[in-house]
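> Here it is, the structure, as structure tokens.
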Amino acid sequence: MSRTARPDATELETVDAAFRAGAEAIGLADDLRTVLATPHREIVAQVPVRMDSESLRVFAVYRVQHSSARGPYKGGIRFHPSVERDEVRALASAMTWKTALADVPFGGAKGGITLDRKELSQGELQRATRGALRGLQKVLGPHRDIMAPDMGSGPAEMAWLMDEYHRVEGYTPAIVTGKPEELGGTCGRLEATGEGLAIAAREAAGEIGLDLGGARVAIQGFGNVGSHAAEALRRLGAVIVAVSDVEGAVHNPSGLDLPELLRRARTGIIGHDGMDVEAITNEELLAIDCELLVPAAVGGVLHGGNADAVRAELIVEGANNPTTPAADAIFAENGVTVLPDILANAGGVIVSYFEWIQNLQNVSWTREHVDQELEARMVRAFGVTHHRALHDGATLREAAYRIAIERVAAALRLRGFEYT
Ligand code: NAD
């Protein structure tokens, strides 16, 4: 296999391939296949922002609403310089399958604003966030389309989105999830994706006879998902031997000083001076000696050019679409188990669902209740997927897509999709 540095499929091609294979395997009717192959609605809006220097910059905000067959559109909004329409399309489609597999009453959508937050002041970022909301306002609503954080966005941006929506529509906390708790956010949302990932990893490890106690873990991306996954996996006894951010990776085969790395990551202290680590590249991290690999940054990082070099037994996809179809085929051949994104990172949207319920009902759950419900739903989603994989002789990704497509197709049929 020749080594290429570039992914051999875009994120849209990756999701489309999984959908097409799933549709084929379950014998999905052509009409439904056509409807589900493309998004229901796409919006691109201008976001003009007066910069601190008084100059004007115009950003683009995207919202792609893929399917609302099972409930209101639901999906995060990404703040990243590489955001473009096809990437948002891929992520929106993946949300449809994720919400269906997790069995939460939502459809799938995704948004993104093409900007590099490191280049913007806090005031500029807030103006851009509010501008994005105004650009999309007509298609949003607590029963229409609900946004959440994604790469580059977090509770602060959700607070500004909620406040901007409030200006026109009045107090509507259920318009976004992932808000600060002071504004109606739920406890446990910040940690949910990483903690859900650890639950799914625990279940998968049990099935393949991998003992998480002492298992070595490498994590690409040490942001919201990666850092909380690291903490949760460590609580399960795993040893975190490598982590990375966009700048590079650090490695210690006997285990990293996780509390110190977390302190540095969360207080914005750059670098690993004085720590017992070896600096490696993001690419090297993917191939280090470990039992469990967690890609938790961007899409397309595992491809036909590097999949053979992966030494982990289990890959748990924290990021969306980190594995191209060519890499998937190599992992299947090499006996590497891949826990697919629409299952492994579903904890975020599951706890977003809990936040939405609390907002609509004006109630507040305890952390214990959130944790119990997350645990139960992740275990159930893993269980049905694993059972289907065994039954069909399929990979976990193939099984996950088959279940999700069947659920969405059933909802569309019952709604009478051909008459809308
Ligand atoms: P984040 O912005 O909090 O963290 C992203 C991390 O990835 C940072 O450490 C950043 O430095 C690193 N990174 C960025 N570009 C990189 C690159 N090219 N190479 C290596 N590292 C890079 O984002 P997040 O919320 O943790 O999201 C990470 C991934 O998880 C994304 O794919 C996102 O779609 C997915 N995801 C997030 C959630 C959530 O609840 N936040 C839920 C489901 C899926």
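> With the checklist (1) part of a loop (DSSP other than H, G, I, E, B); (2) more than 10 Å from the ligand (Cβ to nearest atom); (3) surrounded by fewer than 24 Cβ atoms within 10 Å (Cβ to Cβ) in hand, flag the one item E284 doesn't pass.
Only one criterion in (1) part of a loop (DSSP other than H, G, I, E, B); (2) more than 10 Å from the ligand (Cβ to nearest atom); (3) surrounded by fewer than 24 Cβ atoms within 10 Å (Cβ to Cβ) is unmet by E284, namely (1).
> Within the range 115-123, is there a residue that is crowded, with 24+ Cβ neighbours inside 10 Å and touching a residue at least 24 places away in the same chain (Cβ under 8 Å)?
yes
> Only residues that are at pLDDT 95 or above and either surrounded by fewer than 24 Cβ atoms within 10 Å (Cβ to Cβ) or within 13 Å of the ligand (Cβ to nearest atom) (or both): list them for the range 223-237, please.
V225, G226, S227, H228, A229, A230, E231, A232, R234, R235, L236, G237
Residue by residue, here is whether (1) surrounded by 23 or more Cβ atoms within 10 Å (Cβ to Cβ); (2) in a loop (DSSP other than H, G, I, E, B); (3) modelled with pLDDT of 95 or more holds:
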residue: R127; (1), (2), (3): no, no, yes
residue: G131; (1), (2), (3): no, no, yes
residue: I146; (1), (2), (3): yes, no, yes
residue: E157; (1), (2), (3): yes, no, yes
residue: L161; (1), (2), (3): yes, no, yes
residue: Y171; (1), (2), (3): no, yes, yes
residue: A174; (1), (2), (3): no, no, yes
residue: E191; (1), (2), (3): yes, no, yes
residue: L212; (1), (2), (3): no, yes, yes
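> Just one of A174, A148, A102 is touching a residue at least 60 places away in the same chain (Cβ under 8 Å), touching a Leu at 6+ places or on another chain (Cβ under 6 Å) and closer than 20 Å to V370 by Cβ; which is it?
A174
> Looking at the range 251-278, which of the residues that are charged (D, E, K, R) and touching a residue at least 24 places away in the same chain (Cβ under 8 Å) is surrounded by the most Cβ atoms within 10 Å (Cβ to Cβ)?
E278
> If we only count strands (runs of 3 or more DSSP E) wholly inside the range 1-92, which ones have 1 or more residues that are free of Cβ contacts under 8 Å to residues at least 60 places away in the same chain and surrounded by fewer than 19 Cβ atoms within 10 Å (Cβ to Cβ)? Break it down into steps so the answer makes sense when it comes.
Working: elements: 41-50, 56-67, 73-80.
Correct list: 41-50, 56-67.
> Before we move on, is G347 small (G, A, S), more than 9 Å from the ligand (Cβ to nearest atom) and either touching a residue at least 60 places away in the same chain (Cβ under 8 Å) or surrounded by fewer than 21 Cβ atoms within 10 Å (Cβ to Cβ) (or both)?
Here the answer is no, as G347 does not meet what is asked.
> While we're looking at this one, here's another question. Out of curiosity, is F354 under 22 Å from F19 (Cβ atoms) and surrounded by fewer than 24 Cβ atoms within 10 Å (Cβ to Cβ)?
no
> Let me ask something else about it. With respect to R216, determine if the residue is away from the ligand (no atom under 16 Å from the Cβ) and within 20 Å of the chain's Cα centre (by Cα).
So R216 does not fit the description; no.
> Any idea which of G383, G416 is outside the structural domain of H66 (by TED's automatic domain parsing), free of Cβ contacts under 8 Å to residues at least 12 places away in the same chain and surrounded by fewer than 20 Cβ atoms within 10 Å (Cβ to Cβ)? Explain how you work it out, then say what you get.
On the way: G383 fails: free of Cβ contacts under 8 Å to residues at least 12 places away in the same chain.
Among G383, G416, only G416 is outside the structural domain of H66 (by TED's automatic domain parsing), free of Cβ contacts under 8 Å to residues at least 12 places away in the same chain and surrounded by fewer than 20 Cβ atoms within 10 Å (Cβ to Cβ).
The values are calculated or read from the model by the stated rules, or taken from the named source; none is laboratory data. The model shown is predicted, which means the values in this text are computed figures rather than measured ones. In this analysis, Cβ positions are derived from the backbone assuming ideal geometry, glycine residues included, and neighbour counts consider all displayed protein chains.
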